[in-house]
Structure formats: C-alpha cells, structure tokens
Amino acid sequence: LAFNSASNTLYVVDRGNSRVLAFDVATIINGEGAVSVLGQTNFINQGINQLGDPSSSTLDLPSAGIFYNTSTKSLYVADTENNRVLIYDVNTIINGEGATAVLGQLDVNGNQTFFQSMPNSGFVSDYGFSDPSNIVLDSSNHRLFVADSTNNRVLIFNLNSSNELTDFHADYVLGQDDLVSGLANKNGTVGTSTLSYPSAMAYDSTNNMLYVADGENLRVLAFDVATVSNGENATAILGQPNFTTSSLLAAASSTINLNGIGLAYNSASSTLYVSDSYNRVLVFDVATIINGEG
C-alpha cells in the first residue's frame, strides 16, 4: 500500500492481476470500486504481461514494493517479474497510462528502455535488478533504496534536491562488497554485512537508520546510513542472537520467520513493526537495540 494524503488516494498493489489500483478514500463505502488502474488498460483485464512483452504501461506480478513521492507526485512500483522499478506521474491518472521513467533496464547505448525485462544476474551491474521487491525514499538526504532481492543486495541511488533521479546507476550497495557482485550469501556464510533475499525495508529519517528484512537469513538488520560505504556492516540485528546464525527458531518474542513480511517504522515511539509468517506482527523498541532483543 501507499497513501497520498493530499488527494486521499490509496494505491494498492494487486499482484496476481499485475496491476495497481487507486482508491478514493476521502470517505469509504464498503467494497467500493477503484477510481483508476495502472498496469492494465481497464478494470477487467488481468495478467496481460505475464508472458512477456514489457512496455511503459505493463506490469508483471508487481511486489509489495510501492511508495508515493510527495516531492514529485510520483508513484514508484517494483515491477518484480520484469526486473525493474517503474515511476508513474500520478498527479492525475489515465487508466493504463505509461510510466515516465524506469530503473533497472538500460539498452546497449546506456539509455533507459521500457521494452526489455532481462534479470540482472550472473554478470551483475550497478543498475540492474533481479526480482526487486521493495523501495524506500530518504527525502531528507535525497536517496532511493531498492531491495534487489535475488542479487542479495540493496542498491542506493542518489537523488537531486527535488528527490528526482539524476541517472540510472546506483551509487552504493549494501549486502555486497561492490556494485558488480551478487549472490554472495545465497546459502553461504552469514555475517554482519551479508544479505540473502532482502524483501522489505523501513527507514528512520531522524537517526538515519535503514532496517532491512534479510528474508532467507530470518533476521532484520539495522544499517547506519548517515554515511554509506559499499558493503558496510550492520550495527544491530533482530530475529537472531548474533550476526553469524540464521536458524529457524520456535516462535518467541525474539524470533522472526520472514516469509512474505512487511516492515514499518513509527518515529514518534521509535518502534519497528515486523510481520512474519507465525501469523503475527511483532513490535520492537528500537530507540536502542540490544542484538537479538525481544
């Protein structure tokens, strides 16, 4: 979900139908219809891009990674199966409209292209994605964080003062030592700086902390991103007792089972909300974190 408070519009990723629905929630009538749709030309089409044929107006199983940029009135959507992030101008929406920009797909001349969906795996680059799943904006320091899930990394893009992209190449990476490496922790060594299928993120703008759900390692890592260096170590961990374990543990206040999870941060109370597949939402006090805390 993403919310535009200025227009009382709620954007909902309808993954199985390969679309994003926009609802007018100024007042809600139970079961009301959406007012507009992205990814499909109308409300009755579904999944037209699942066999390939990407364009500026198609989506293929978009993930929960979606957010609204109030600075630019743009909606960012992780178009997961097309291995890209689409950026839509949603000041007004025409059903099935095309995105205005794309991250993750460049042509042979280095220009953005809407007409390919190649996964960036094997020979990993500083711009490509393989199953991107989540997007977070740091509007104060003008940065965009993208969870590049199958490459086991988070890419960081610097933005201009209006929180707009200046190019399509990442500037920093978390989870890997450099911008051209991937898969380092896939069934490999678990450490302070490694990620294995990062699937969700939340950002604390007051303390410049990025929380990353490290999905296959069954933990949440906290990174101090006041300044960033490639492959930097996390400063704290939730869900595991230390940085070198990734065991599936019985349900307890300190364990997290991260299948299909979401993260949310509440700055007023310094609390982090973590949903996990033990059918619950855990609330952590992260004003100060003790590794493995309950």
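One table, with the values for the structure above:
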item: Restricting the range 79-135 to residues that are of a type in the set (D, E, K, R) and not in a strand (DSSP E or B), the residue that is nearest to the chain's Cα centre (by Cα); result: Asp131
item: Criterion (buried (at least 23 other Cβ atoms within 10 Å of the Cβ) and not aromatic (Phe, Trp, Tyr)) met by exactly one of Ala250, Ala234; result: Ala234
item: Output for the range 217-255, where each listed residue is in contact (Cβ under 8 Å) with a residue 40 or more places away in the chain and of a type in the set (D, E, K, R); result: Glu232
item: Counted residues, the range 14-24 - those being part of a strand (DSSP E or B) and touching a residue at least 40 places away in the same chain (Cβ under 8 Å); result: 3
item: Given (1) farther than 12 Å from Asp79 by Cα; (2) part of a loop (DSSP other than H, G, I, E, B); (3) open to solvent by less than 30 Å² (accessible area, probe 1.4 Å), index of the condition Tyr11 fails; result: (2)
item: Residues of the range 160-174 satisfying the condition of being at negative phi and surrounded by fewer than 20 Cβ atoms within 10 Å (Cβ to Cβ); result: Asn160, Ser161, Ser162, Glu164, Leu165, Thr166, Asp167, Phe168, His169, Asp171
item: Condition check for Asn83: crowded, with 21+ Cβ neighbours inside 10 Å, within 20 Å of Leu155 (Cβ to Cβ), touching a residue at least 40 places away in the same chain (Cβ under 8 Å) and touching a Gly at 6+ places or on another chain (Cβ under 8 Å); result: yes
item: Matching residues, the range 26-41, being farther than 17 Å from Thr92 by Cβ, surrounded by fewer than 16 Cβ atoms within 10 Å (Cβ to Cβ) and out of contact with any Phe, Trp or Tyr (no Cβ under 8 Å at 6 or more places or on another chain); result: Thr27, Ile28, Ile29, Asn30, Gly31
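The values are calculated or read from the model by the stated rules, or taken from the named source; none is laboratory data. If you're wondering where the values come from, they're calculated on a predicted model, not measured in any experiment. Because the Cβ atoms are built from the backbone with ideal geometry, glycine has one as well, and the counts that use them run over all protein chains shown. Heads up: the accessible areas ignore ligands, DNA and RNA and are worked out on the full protein's heavy atoms, side chains in. Shrake-Rupley method; radii C 1.70, N 1.55, O 1.52, S 1.80 Å.
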